[in-house]
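Single-structure report; data block below.
The values are calculated or read from the model by the stated rules, or taken from the named source; none is laboratory data. Because the structure is a prediction, the values reported are computed rather than measured. Counting neighbours? That spans all protein chains shown, and the Cβs are built from the backbone with ideal geometry, glycine included.
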Amino acid sequence: MADSDGPRAERPLRVPLALEVQGLGKRVALPEGALTILEDVDFAVERGDAIAIVGASGSGKSTLLSLLAGLDTPTTGTVLLDGAPLSTLDEDGRAKVRGEKVGFVFQSFQLLPTLTALENVMLPLELRGDADADGPARRILEKVGLGQRLRHYPKQLSGGEQQRVALARAFVTQPSLLFADEPTGNLDTHTGQAIIDLLFALNADAGTTLVLVTHDEHLAARCRHAIRLDSGRRVDA
Amino acid sequence: MNPWALAWRQLRRDFASGDVRILFFALVLAVVAITSVGFVTDRAERALAQESNRLLGGDAALRGDAPIAGAQRTAALAPGLQHADTLEFRSMMRVGDNLRLGELRALDARYPLRGEFRIVDRIGGPERVVHGGPARGTAWMSVSGAQTLGAKVGDAISIGDARFRIAALVEQEPDVAFDYFDTAPRVAISLADVPSTGLVQEGSRVRYRLVVAGEAAAVKRFTTFARANLQRGQRLETIEDARPEVRSALDRAGRFLGLAALVSVILASIAVAMAARRHSTRHLDGSAVMRCLGASQRTLVAVHLGELLWLGLIACTVGVAIAFALQWAVGGWLSRTLDIAIPAASVLPAVQGYAVGLVVLLAFGAPPVLALRRVPALRVLRRDLDPTEPSAWLVAITGLAGLAALLWWKAGSPTLATAMLVGIAVTFAVLAFIAWALILGVRGVRGRLRGSLRYGLANVGRRAGTAVAQISALGLGLMALLLLTFVRTDLLDRWQVSLAENAPNRFIINVQQDQLPAVRTFMAQQGLQPPTMYPMVRARLQAVNGKRLTRTSYPDDPEMQRRAEREFNLSFANTLRDDNRVIEGRFWNDAAPRSPELSVEKKFADSFGWKLGDRVAFDITGQSFTGTITSLRDVSWDSFRPNFFVIVSPGALEGYPASWITAVNVPASKPRFTADVVAAFPNLTVIDIDEVLAQVRSTADKVSKVVQVVFWFSLAAGVLVLLAAISASQDERLLEGGVMRVLGGSRRQLRLAQASEFAAIGLLSGLVAAIAASVLAGVVATRVFDLPWTPNWTLAAVGGAIGMLAALATGLFATRRILDAPPSVTLRELQN
C-alpha cells in the first residue's frame, strides 16, 4: 500500500507501483435515476504487495476489481497499471495488457468446458502468441498437483481441482498482477484453505502483486493490506 | 393463484427480459413462412387451375351424345355460374373444288367462358385475340385446315345445306385437345346457324357440351351434382381430364409447391425445438426454486404450458397477420409476372397457419418445457442436477406423428410425404453418424492447432452429443435447402430441357416406305438434323384373350367406346427409347421374339384392364394380327416426340401396310418449311406444334416462377434455423467469449475462434447435407417426378460451400454481441 499507512515509510521510496487508482467512480443509469456503485476511490499498490479488498455483498468490491483489471470502464477517475493508464486504451488494448500482465482467479473458476485442463492452461499463452504453450502449462499443472489430470475436462474435476486449474491458468503467463475474486467462495472450508495456501505459495514464488477480493476477514488478514468498501466508498482510510 | 394468470405474467416477464423472444420470433417466422407459403400456393394453385380451366373453355364441361337438358341444365343456371353450349360433329366441307371430311364446332354467343381464340386473317399474318366466336353466317377455319383445303379468308365454305363466308383463320382455340394425328379441317360456326345446315337430325352422331364457369364453390356444386347424375353417354370434364401435358405440368407444380411448403414446416419445427430447449434451460433454476417453495408438478405444468400456449397464440396471430400482408405484395407481383388474375386468398391458409404453428409449438416446444416439472428441488443446492423426462420422449413421438399427419395433409401426396419423412429420418441418422465420425476426426486435428483455432474446433469436438445434434439439425436444414435447390434448378431445368428450344415443332406424317431416303435428303438440304423415322401401322382393336371388343363392351363410358372403335397406330421398334420406361415385364431389346410381342403404355393398358400375358388382336386393313403383352411402359408424353400406345416386336408387322412419322425441329428462320415439304411431297402432312409447345413452355415458366417465390420463403426459414441453433448456445458462447477476453484474447482472436467453429460446423453440415441432398433428390426425381436421375456433384459441392458461407455469415452476425459485451458484465450476468 502506498498511501497513508505505515509500511510505506519503511520501504524505499522508489519501489515502483503495480497499480495506482485515482478518483475512481462508477455510475450506472437506471430507469429510476443514476445509481452510484463506486465513488471516489484512491489507492496505490506496490509491486509484489498483497492487498485485500473487503466488503459486504453489494459494497462494490467486484466492480472495483473489474475496473482495476480493465474488464469495465470507470465513469470517473483513472487506473494506472504498471504506470500505464488503462482508460486510454480500447477494449482490445486492455485485453492485450491483461494477456501480458494480469492473471485471474474467479469464484466460479470460469474454465472453458470445451477444453481439457491442459488446454485451459495453454489458452492464455496461445492467445498472446507464445511459441511453446504446452511445456509451461504442463509444468505448472504438475506444480499444482494435477500432473495426472491433464486430459480431463472441467466437468470431470472436483471444485477444488477446477480451482487449481484456474490457479495454474492464472500463473502460467507469469503475470505481474493477480486478481482473485472470492477464490474460495465455491469451495468447502478445507479445500478453500488448501487453495488459498497454494495461491499464496505461487504468489510468493512468482513475486506477483496480488489483489484479492473477499468478504472473509480471515482471508483478508493474510494480505499485507486491506481496503474496506461500504456502499461504494472506501471506509478504511 | 390462477396458473393461467401466472403463466401470462411469466410470459410478459420473460418477454421483457428477452428470454422468450427467440422462441417467439422463431414461431412467428415459422408461422409466417408456413402461412405465406400457404397463402401464396393457395392463390397460385387457384390461379394456375383457373388458367388451366381456360383450356376447357370454362371451369368444367359436361359432355354427352344427346342434348343436355333436365336437372343438369337447371344446375348450370345456378347463381354464381355462367354457362355456354357447344356442339361438335363431323361433316364434309367444301371450299371451291376441295372436299374434305372435317370437324365442325358450333358455339353459342357466350362461348368461350374462359380463354380466347387467337385468329389471323392470313397464314403468317398478325395475330388477334378474340373473346367470343364467329358471327352468324360466317365460319372460322383452323390454319391447318385452311392449308389442307387451300382456303383463305373471304372464301365460301359449304357445310351441309348452308354456305358460310370464312371470316378468320384460327391459330389457337381455347379448348382444343390437340390430336397430333388429326389433320381434318376444323371449322367453327355460330350455334344459331346449325339448323340451316340440316346436318343435325335424329340419329346424327353429335357431341354436345355444356360448359360452365364461375365462383369456385358454385362450380364445385355443379360438378358434384353433374357427376352424381351422369346420364348414359355423358361425361364430366374438368381440368383433371384436360390435356395430359398440361395436367402433368400442373401435377408437378402441385408437388413442387407441396414440397417447398413441407420444407418450411420442417425447418420451422427445428427452429422451435432449439429455441424451446434454450427457454427450458433458462427456467431450470426458477422451476427448482418453485418446487422448493412447494409448487406441485401440476402447477409447474400449468404455468409453463400456459406460457407456451399464450406465446403460441400471440405468435400465430402475429405470424398470420404478417403472412397476410406479405401475400398481398407477393400476390400483386405474381399477378403482374404471370399476367393472370390471381384469386384472393382464402381463409384456409390462416387456419392452417394456426394449426401448424400450435402443433409445431406443442410437438417440439412442449417436451423440453414439460420436462421442467421434474426438476428436482435439490437443484437449488446442486446445479448439476438436470431433470430426466422419459415421458417427454413420448410427447415428442406424438408430436412427430402430428407433424407427419400435417405433412401428409400439406403435401397432398402420401408418396411425397412418406418419401420425405422416411428420407428425413434416414438422413438424420446418416447425418448423425457422419457427423459423429467427422467429430472424431476433428478431435484428432485440434491437438495440432493453436489458440483460437483450437478453441473453435474444441467447441465442435468436445460436446460430441450436442455437436452431433447441432450438425445433424443444421445439416438437415441445409439439406432441405439444397434439396429444394436441386429440385428447383436441377429437376425443373431437366424437365424444361425436355421442352427445350430444340424440341420437335413439326410432325410429318404419312411418309411412305419408298419416300424415306428422299425425305431424309430433303431434311438434310433444309439444314435440319437427320430425322428419326418411326413406323406406323393403323389398326383397330378386335379382341382381347379371344373375347371380342366392341363399342358395347363399354356401355357407360363414351371415351372407351371411342377408343374401342377408333383406329390407332401400332409401331414397331428394336429398342426402347429413353423417353419410355418399362415398369412391368421385359422389353425385347434387339432379341427378336419368335411370336409377336406387345409393349403397351401403362395407363392405356389400365384403361382397358389389360395385364402382362394378355393376348390382344387387332384388325389391320381387314387382316387379323395378334400379339402377347410382355411389357408395360411409362411414357414421357411431354418429350414431344412421336410415342405410341402399342409397340410391336420387330418383324411381326412385316407385310402390313406401314407409313412413317417423324418429328423435327424447324427454326423460325424457315417460315416456308411446310409449303416446301408439301410442294416436294404432296402426300405428306405437316403438323405445326409450335403453338402447343409455346403454351406448354409458358405454363412451365409460370410454374417455375411460382416455385421460386415459395423457395425464398423456405430459404428464409432455413436461415432462421441457423440463427436459432446459434442462439441456443448463446449463453455458453457469451461466457466463453468473456473468459477469453479476460485472459487477454483480442477481438480478432475471438472472431477467428468463432469463425473457425462456424466454418467447421457449416462445412461438416454442408458436406453431409450436399451428399444426402443429392441422394434424396435422386429418390424424389425418380419416384415422384418420374424423371431419370443423374447426380449433379458440382451443384452439390457449390451447395455445400454456400451452406458453409451461410453458416459463417449467420454465425458471425448472431455472435457479434459476444464481442461487444464488456467482459465484466458478461461474466457477472452468467455466473449468477
Q) For the subset of the range B:413-433 comprising residues that are under 9 Å from B:S472 (Cα atoms) and surrounded by 14 or more Cβ atoms within 10 Å (Cβ to Cβ), which member is modelled with the highest pLDDT? A) B:A432
Q. When the residues of the range B:208-235 are filtered to those that are surrounded by fewer than 19 Cβ atoms within 10 Å (Cβ to Cβ) and under 16 Å from B:P67 (Cβ atoms), which remaining residue is modelled with the highest pLDDT?
A. B:N229
Q. For the range B:747-768, what are the residues that are more than 16 Å from B:R454 (Cβ to Cβ) and within 14 Å of chain A (Cβ to nearest Cβ)?
A. B:R747
Q. Would the range B:285-303 turn up any residue that is surrounded by fewer than 22 Cβ atoms within 10 Å (Cβ to Cβ), under 26 Å from B:P3 (Cα atoms), of a type in the set (D, E, K, R) and in the same structural domain as B:D42 (by TED's automatic domain parsing)?
A. yes
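Can you confirm whether A:T191 is polar (S, T, N, Q), surrounded by 15 or more Cβ atoms within 10 Å (Cβ to Cβ) and over 16 Å from the mean Cα position of the chain (by Cα)?
yes
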(Q) Within the range B:106-127, take every residue that is aliphatic (A, V, I, L, M) and within 33 Å of the chain's Cα centre (by Cα) and give me the one that is modelled with the highest pLDDT. (A) B:I119
**Q.** Residues satisfying the stated conditions in the range A:79-101, i.e. surrounded by 15 or more Cβ atoms within 10 Å (Cβ to Cβ) and more than 14 Å from chain B (Cβ to nearest Cβ)
**A.** A:L80, A:D82
Q. How many of the residues making up the range A:64-78 are touching a Lys or Arg at 6+ places or on another chain (Cβ under 7 Å) and surrounded by fewer than 22 Cβ atoms within 10 Å (Cβ to Cβ)?
A. 1
Q) Which one of the conditions (1) closer than 15 Å to B:N569 by Cα; (2) not assigned by TED's automatic domain parsing to the domain that holds B:R548 does B:S669 fail to meet, given that it meets all the rest? A) (1)
Q: Mind listing whichever residues of the range A:49-70 are of a type in the set (V, I, T) and more than 14 Å from every other protein chain (Cβ to nearest Cβ)?
A: A:I51, A:I53, A:V54
Q. Modelled with pLDDT of 75 or more and buried (at least 22 other Cβ atoms within 10 Å of the Cβ), is that true of B:G800?
A. no
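Just to be sure, is B:A617 within 38 Å of the chain's Cα centre (by Cα), more than 23 Å from B:N510 (Cβ to Cβ) and of a type in the set (A, V, I, L, M)?
Numbers: within 38 Å of the chain's Cα centre (by Cα): no; more than 23 Å from B:N510 (Cβ to Cβ): yes; of a type in the set (A, V, I, L, M): yes.
No; evaluated as a whole, the condition is false for this residue.
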Q) A:D236 versus (1) at pLDDT 85 or above; (2) under 19 Å from A:A44 (Cα atoms); (3) not β-branched (V, I, T): which is the lone unmet condition? A) (1)
Q: Tell me which of these A:G129 doesn't satisfy, since it passes every other one: (1) without any contact (Cβ under 8 Å) to a residue 40 or more places away in the chain; (2) over 26 Å from A:L187 (Cα atoms); (3) surrounded by 18 or more Cβ atoms within 10 Å (Cβ to Cβ).
A: (3)
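Out of the range B:69-79, which residues are of a type outside the set (G, A, S) and crowded, with 19+ Cβ neighbours inside 10 Å?
Taking the range B:69-79 as the starting set, the residues that turn out to be of a type outside the set (G, A, S) are B:72-74, B:77, B:79.
Scanning the range B:69-79 gives a single hit, B:Q72.
I'd like the residue in the range A:13-54 that is of a type in the set (D, E) and assigned to a loop (DSSP other than H, G, I, E, B) and, out of all such residues, is surrounded by the fewest Cβ atoms within 10 Å (Cβ to Cβ). Outline the logic, then answer.
If we filter the range A:13-54 for residues that are of a type in the set (D, E), which is where we start, we get A:20, A:32, A:39-40, A:42, A:46, A:49.
From the residues that got through so far, the ones that are assigned to a loop (DSSP other than H, G, I, E, B) too are A:32, A:49.
Details: A:E32: 6, A:D49: 22.
Looking at residues that are of a type in the set (D, E) and assigned to a loop (DSSP other than H, G, I, E, B), I get A:E32.
Which one of these is assigned to a loop (DSSP other than H, G, I, E, B), within 9 Å of another protein chain (Cβ to nearest Cβ) and over 26 Å from A:E217 (Cβ atoms): A:G129, A:G147?
Values: A:G147 fails: within 9 Å of another protein chain (Cβ to nearest Cβ).
Result of the check over A:G129, A:G147: A:G129.
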(Q) Just to be sure I understand the filter: pairs with C-beta atoms under 6 Å, separated by 6 or more residues or on different chains, first member in the range B:198-217 and closer than 12 Å to B:D59 by Cβ, second member of a type in the set (K, R) and modelled with pLDDT under 80. Which pairs pass? (A) B:A213/B:R114
(Q) Condition first: over 22 Å from B:D820 (Cα atoms) and assigned to a helix (DSSP H, G or I). Can you find one or more residues in the range A:73-86 that meet it? (A) no
Q) Is the range A:161-184 home to any residue that is at the interface with another protein chain (Cβ under 10 Å from one of its Cβ atoms), within 20 Å of B:G456 (Cβ to Cβ) and charged (D, E, K, R)? A) yes
Q | Set B:S631, B:S624: member being touching a residue at least 40 places away in the same chain (Cβ under 8 Å), in contact with a strand residue (DSSP E or B) (Cβ under 7 Å, 6 or more places away or on another chain) and farther than 17 Å from B:T575 by Cα | A | B:S624
Q: Report, by residue number, each residue of the range A:132-144 that is surrounded by 23 or more Cβ atoms within 10 Å (Cβ to Cβ) and within 11 Å of chain B (Cβ to nearest Cβ).
A: A:A133
Q) Can you name the residue in the range B:497-518 that is within 20 Å of B:P671 (Cβ to Cβ) and not aromatic (F, W, Y) and, of all such residues, is modelled with the lowest pLDDT? A) B:E501
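Name every residue in the range A:214-236 that is part of a strand (DSSP E or B) and over 16 Å from the mean Cα position of the chain (by Cα), in order of residue number. Show your work before the answer.
At the first step, the residues of the range A:214-236 found to be part of a strand (DSSP E or B) are A:214, A:225-230, A:233-234.
Correct list: A:R228, A:L229, A:D230, A:R233, A:R234.
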**Q.** In the range A:154-210, the residues that are more than 16 Å from A:Q107 (Cα to Cα) and outside any helix (DSSP H, G or I)
**A.** A:V172, A:T173, A:Q174, A:P175, A:S176, A:L177, A:G207, A:T208, A:T209
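Working only within the range A:104-119, note down all residues that are more than 9 Å from chain B (Cβ to nearest Cβ) and not aliphatic (A, V, I, L, M). Can you show your working first?
If we filter the range A:104-119 for residues that are more than 9 Å from chain B (Cβ to nearest Cβ), which is where we start, we get A:105, A:109, A:117-118.
Once the filter is applied, which keeps residues that are more than 9 Å from chain B (Cβ to nearest Cβ) and not aliphatic (A, V, I, L, M), the range A:104-119 yields only A:F109.
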